[in-house]
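Let me begin by presenting the structure, written as structure tokens, before commenting on it.
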Amino acid sequence: MGDRHPKAEVEAALQKAEHAGLKVKKDPNGHRWGRLICCPCAAETKVWGTPKCPGTEAKKILEFVRKHAKCV
């Protein structure tokens, strides 16, 4: 993945996403840290670098992983 996310909870969720076969792309743009991409269906979600609540951001990532686990 390259660079690590500054929030441990979010980084752990991103590692689970990579393990599940999703692509994590660091793409800093303002407050956005990067994107999480499901290659087969081209869906993606933003990953924020400075989330208000890291736990909520991690849950959002894990929910995306659950929804797209069947694609990969």
Flag for K70 being over 9 Å from the mean Cα position of the chain (by Cα) and among the charged types (D, E, K, R): yes
Hits in segment 1-36 - residues which are surrounded by fewer than 15 Cβ atoms within 10 Å (Cβ to Cβ), at pLDDT 90 or above and in contact with a Gly (Cβ under 9 Å, 6 or more places away or on another chain): P6, K25, R32
Hits in segment 16-39 (condition: within 22 Å of A69 (Cβ to Cβ) and without any contact (Cβ under 8 Å) to a residue 12 or more places away in the chain): H19
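The values are calculated or read from the model by the stated rules, or taken from the named source; none is laboratory data. Here the structure is a predicted model, which means the values were calculated and not measured. Reconstructed Cβ throughout: ideal geometry from the backbone, glycine too, with neighbour counts over all protein chains shown.
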